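*Asks:* Encoded as structure tokens, here's the structure I'll be asking about.
All of the numbers you see were taken from the coordinates with simple rules; none came from a lab. Bear in mind the structure is a predicted one, so any value in this text is a computation, not a measurement. Cβ placement follows ideal geometry from the backbone for every residue including glycine, while neighbour counts extend to all protein chains displayed.
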There are 2 protein chains.
Amino acid sequence: MTGSGLTAVQFGLGPIGSRIARAADGRGFEFVGAIDIDPDKVGRDLGAVAGFDDEIGVEVTDNAEAALAKNPDIVFHSTVSSLEVAKPQLVRVLSAEANVVSTTEELAYPWWSNASLGEDLDDVATEHGVTLLGTGINPGFAMDTLPAVLSTPMEAVDAVTVERVQDAGQRRKPLQEKVGAGVSVETFEADIADQAGHVGSTESVAMLADALGFELDEIDEAIEPVVADSVIETEHVRVRSGEVAGIRQTARGIIDGDAVISLDLEMYVGADNPRDRVEFIGIPSVSITVEDGYHGDIATAAVVTNVASTVVGAEPGLATMLDIPTSFTRRV
Amino acid sequence: MTGSGLTAVQFGLGPIGSRIARAADGRGFEFVGAIDIDPDKVGRDLGAVAGFDDEIGVEVTDNAEAALAKNPDIVFHSTVSSLEVAKPQLVRVLSAEANVVSTTEELAYPWWSNASLGEDLDDVATEHGVTLLGTGINPGFAMDTLPAVLSTPMEAVDAVTVERVQDAGQRRKPLQEKVGAGVSVETFEADIADQAGHVGSTESVAMLADALGFELDEIDEAIEPVVADSVIETEHVRVRSGEVAGIRQTARGIIDGDAVISLDLEMYVGADNPRDRVEFIGIPSVSITVEDGYHGDIATAAVVTNVASTVVGAEPGLATMLDIPTSFTRRV
């Protein structure tokens, strides 16, 4: 969908928020405000901060109320992964009667880990007659919506494995640092493992289970380092053999002790054969591969901006990607 | 979605209609009627005619009014490819205030070739407060909805090629005959080419163009025989080297002389590397492969039954797969 005729506010201008703003600008959304707390951004033009071709005459402000007073049709929200932390921001936006598409990972499907936060936000959105959706490439598409849609031509699904292998060497420097590229295994275990993980795997498992009608007993998650077996150099980091190249993270949805949903996310520099791959066991068994995989940063901005027009017209409340009509990249 | 709690009538009990009825029975739809004009089927139990495990106490009738008088929530309609021929049947069903999912290929997206028939049916459905959807694996999913959804994480699509290569040797005998397996090239050109083609390619091109926001100048279609270069034997037919093994059919959506959408359907016995494959040129360029491809007969029944619950709750009128929320195979 295009944003033609819709007004927008960007809430959060980190690397992903800036990319969303650029994509939305390219798709015809008209920005009427931008919110960030970074003193280096406040007071500057959104176009300059987010890397548009030109300045657009909209100043970044740390005063959310002031930006929301412009009555945008949609707010693109990209600040934090935690729904608890994001909630007051989202309540403020919904109370201003603006629809929201957010990259807060825990919002993509709050009904497993954060149900009461989800209920509160659903109430606020419904009360103000607007729609709130959490999405992005992951969670939001590659490991949940995509396998759900791919199951449509199957008579039955017994189990599904989703792999997402990304070459962290092709991504932003903060991401390479986050996954521990270049540190020792000891340092990884001591200092990084707890923070290195992708947020949203539990949400993807629970969302896919909902789509497929799987009533899970539990969801378990694990993370381990991927260790380099040769030297890997990227623009930002040099990893020696035996050092950590990145992470392998698994999340499994369990019924009666069996993993009926297995998500396997690998993000490491020098990844072989990057891909998104879905393997169904069912009637019939089907395997689908996205060669090279959807590129994380581009894809999140694309998903967010492509669903936005649909969200503006959707039923009020907190939606997930399972609730809204199929989305696509419309030519602008 | 499951059919639990929904009543259904099967309209048409050919090979596909029978498979839909079996799939729907398996998914919990409760059949209250069945319609077919074949004297060999009329008066017999639906379960026996369609191959359920048991008879179900519902007799096949050639009296559509009588079956529809049972007020089904949904009618599974599978009779003909032509929307003009199907229209009176569909009007009758809609007038009985039943929702419909139909495999009539020209209904999947009537807005290019059959717009006035589509408008009439949209009016009737709206007037009676029910929803009508044409779908199946192709048209309806593999070459239109699927590539549309796969574009969601892309910033832009410049062009897309969709290949569907099916081994006709794994399909029903009538399908092998329809694609000319075992006839000479001369016979194919003289007697078969006009009838061998898959109906629905134009509909898929137009639907995908709508999703992607492409304003096409024209759609062109072509068909040619695939000639065997060695002997191919199936359960039903023997094809000698130099004889026709099946068809290659192309449909292209053109803007300013360039094919921005290219659909390439190959159905022949002994097909190498059967697959569904989508190749986008865009930002970024992405290629996706469904190994072995979605199986035509199973997949059509699965798509039809999986979308049915969504159709029952959808906005009244004539819908396409682009209008309804994402669908999936829910565990029964």
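*Asks:* Using the Cα centre of segment A:234-332 as the reference point, and only Cβ charges (+1 on K/R, -1 on D/E), how large is the resulting charge dipole? Debye, rounded to the nearest 20.
*Replies:* 260 debye
*Asks:* A further question follows. Let me understand segment B:195-332 better: what is its radius of gyration from the alpha carbons, and its Dmax, in angstrom?
*Replies:* 18.0, 53
*Asks:* Does segment B:240-308 come out rounded, prolate or oblate, given a ≥ b ≥ c as the square roots of the eigenvalues of its C-alpha gyration tensor, rounded meaning a/c under 1.5 and, failing that, prolate meaning a/b above b/c?
*Replies:* Here segment B:240-308 falls in the oblate category.
*Asks:* Given labels modelled 7 Å from the Cα in the Cβ direction, how far is it in nm from A:Lys173 to A:Glu215?
*Replies:* 5.2 nm
*Asks:* Another one. Shielding of B:318-330 by partners, i.e. mean partner chain Cβ atoms within 10 Å per residue?
*Replies:* 6
*Asks:* If each label sits 7 angstrom from Cα along the C-beta direction, how far apart, in nm, is B:Pro39 from its counterparts in the other copies?
*Replies:* 9.3
*Asks:* Using a simple charge model, +1 on the beta-carbon of Lys and Arg, -1 on the beta-carbon of Asp and Glu, nothing else, what dipole does the protein assembly as shown show about its Cα centre, in debye to the nearest 20?
*Replies:* 160 debye
*Asks:* Within 10 Å of each Cβ in A:291-304, how many Cβ atoms from other chains are there, averaged over the peptide?
*Replies:* 4
*Asks:* While we're looking at this one, here's another question. Normalised by the residues of segment A:236-332, what does the relative contact order come to in percent, with Cα pairs under 8 Å and at least six apart?
*Replies:* For segment A:236-332, the relative contact order is 15 percent.
*Asks:* Given contacts defined as C-alpha pairs under 8 Å and at least six residues apart, what's the relative contact order of segment B:145-293, whole-number percent?
*Replies:* 36 percent
*Asks:* Let me confirm one metric for peptide B:211-219, namely the mean number of other chain beta-carbon atoms within 10 Å of its residues' beta-carbons.
*Replies:* Per-residue shielding by partner chains comes out at 2.
*Asks:* Packing-wise, with mean Cβ within 10 Å as the measure, how do B:88-97, A:54-63 rank, highest first?
*Replies:* B:88-97, A:54-63
*Asks:* What net charge is computed for the residues neighbouring B:Val199, neighbours being all others with C-beta under 10 Å from the C-beta of B:Val199, Lys and Arg scored +1, Asp and Glu -1?
*Replies:* -3
*Asks:* Once both labels are modelled 7 Å past Cα along the beta-carbon direction, what's the A:Asp40-B:Asp45 spacing in nm?
*Replies:* Here the answer is 7.6 nm between the modelled labels.
*Asks:* Shifting gears a bit: For chain A, what does the helix formula give at 222 nm: sum of -39500 (n - 2.57) over DSSP H segments with n ≥ 4, over the residue count, nearest 500 deg cm²/dmol?
*Replies:* Helices in chain A give a 222 nm mean residue ellipticity of -8000 deg cm²/dmol.
*Asks:* If each label sits 7 angstrom from Cα along the C-beta direction, how far apart, in nm, is B:Gly51 from its counterparts in the other copies?
*Replies:* 5.5
*Asks:* Could you order peptides B:124-132, A:295-303 by the average number of other Cβ atoms within 10 Å of their residues, highest first?
*Replies:* A:295-303, B:124-132
*Asks:* Can you check what the Kirkwood hydrodynamic radius comes to for the protein assembly as shown, Cα pairs only, in Å to one decimal?
*Replies:* 26.2 Å
*Asks:* If R₀ is 41 angstrom, what is the calculated FRET efficiency for the pair B:Asp158 and A:Glu315, using the beta carbon separation as r and rounding to 0.05?
*Replies:* Between B:Asp158 and A:Glu315 the formula returns 0.75.
*Asks:* Roughly speaking, what is the stretch gain from A:Glu55 to A:Asp258, that is 0.36 nm per residue apart minus the C-alpha to C-alpha distance, in nm to one decimal?
*Replies:* Going from the current span to full extension adds 67.6 nm.
*Asks:* Right, something else. Just to confirm the numbers: A:Gly213, label point 7 angstrom along the Cα-Cβ line, distances to the other copies in nm, shortest first?
*Replies:* 3.6
*Asks:* Tally Lys/Arg at +1 and Asp/Glu at -1 over every other residue whose Cβ is under 15 Å from the Cβ of A:Ile56; what's the total?
*Replies:* -2
*Asks:* Taking the simple approach of a point 7 Å from Cα along Cα-to-Cβ for both B:Arg331 and B:Ser241, what is their distance in nm?
*Replies:* Output for this residue pair reads 5.2 nm.
*Asks:* Along each of the three principal axes of the Cα atoms of chain A, give the extent in whole Å, ordering the values from largest to smallest.
*Replies:* Computed over the Cα atoms, the extents are 52, 47, 37 Å.
*Asks:* Explain nothing, just compute: Karplus ³J(HN,Hα) = 6.51 cos²θ - 1.76 cosθ + 1.60, θ = phi - 60°, for every residue of segment B:195-208 in order, whole Hz, x for Gly and Pro.
*Replies:* Those phi angles translate into 9, 6, x, 5, 8, x, 5, 4, 4, 5, 4, 5, 5, 5 Hz.
*Asks:* Tell me, what ³J(HN,Hα) does each residue in segment B:61-68 have, in order and in whole Hz, if you take phi through Karplus 6.51 cos²θ - 1.76 cosθ + 1.60 with θ = phi - 60° and put x for Gly and Pro?
*Replies:* Result, ordered by residue: 10, 9, 9, 4, 4, 5, 5, 6 Hz.
*Asks:* Then there is this: Give the calculated FRET efficiency between A:Glu189 and B:Ala115 to the nearest 0.05, with a Förster radius of 41 Å applied to their Cβ-Cβ distance.
*Replies:* After rounding, the FRET efficiency stands at 0.05.
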